[in-house]
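What follows is a single structure, written as structure tokens, with notes after it.
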Amino acid sequence: MRRRIIARRGIEAVLPLNDEITAAGMLHCFWTEEQHRSRSWWASVKHVHGQRIADKVRATMPGCRPGFEYAVGTYPPLPLVDAIPSDHLARRDQIVIEGMQHWFCGGPWQRCQAEHLRELGEVDGAEWIRFERWRDAGFPLEYRTDDDPTGTPVEIVRHCCW
């Protein structure tokens, strides 16, 4: 009997930098690529790279979760709590994944991610305390990509808290 090998289409052993930034952050990246609009593509990213990225996000941004979790529907998109000013560039900062609109962490008009996840029961008391310490320290940047694990933290990996 011959064994069949099933290739993981579109997902490489090492996630390219732009894709890791998008997966770890709130779907914010240097540029949006067509695969970023596909829930099945994000599901394969989660399958292959999800645990490693999720662990890094939880360690460096307590109270937050990686963007791929929102892309696959684990959590609902963060709600807007205020109208985005009509002249603000953020009005175009969104990605639509199979009909679901996700905003790229829009200023004070979007719900704080940690608060939203706490309301959903995802963030427990211990993590909430770590979040408050991180917030009180000014949200220091600590997330580093696999591409440069000892280098400068990546500023574009966004959390949605302020």
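The values are calculated or read from the model by the stated rules, or taken from the named source; none is laboratory data. All of these numbers come straight from a predicted model, not from anything done at the bench. Methodologically, a virtual Cβ is constructed for each residue, glycine included, from the backbone with ideal geometry; neighbour enumeration extends over all protein chains shown.
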Practice item. Name every residue in segment 37-57 that is under 24 Å from Gly99 (Cβ atoms) and modelled with pLDDT of 85 or more, in order of residue number. Key: Ser38, Arg39, Ser40, Trp41, Trp42, Ala43, Ser44, Val45, Lys46, His47, Gly50
**Study point:** Residues located in segment 1-33, provided they are within 17 Å of the chain's Cα centre (by Cα) and at pLDDT below 85
**Key:** Met26, Leu27, His28, Cys29, Phe30, Trp31, Thr32, Glu33
**Study point:** Only listed residue being at pLDDT 90 or above, in a loop (DSSP other than H, G, I, E, B) and not aliphatic (A, V, I, L, M), chosen from Arg144, Arg133, Arg118
**Key:** Arg144
Exercise for review: Give the residue that is surrounded by the most Cβ atoms within 10 Å (Cβ to Cβ), with candidates limited to residues of segment 19-66 that are free of Cβ contacts under 8 Å to residues at least 60 places away in the same chain and touching a His at 6+ places or on another chain (Cβ under 9 Å).
Suggested key: Thr22
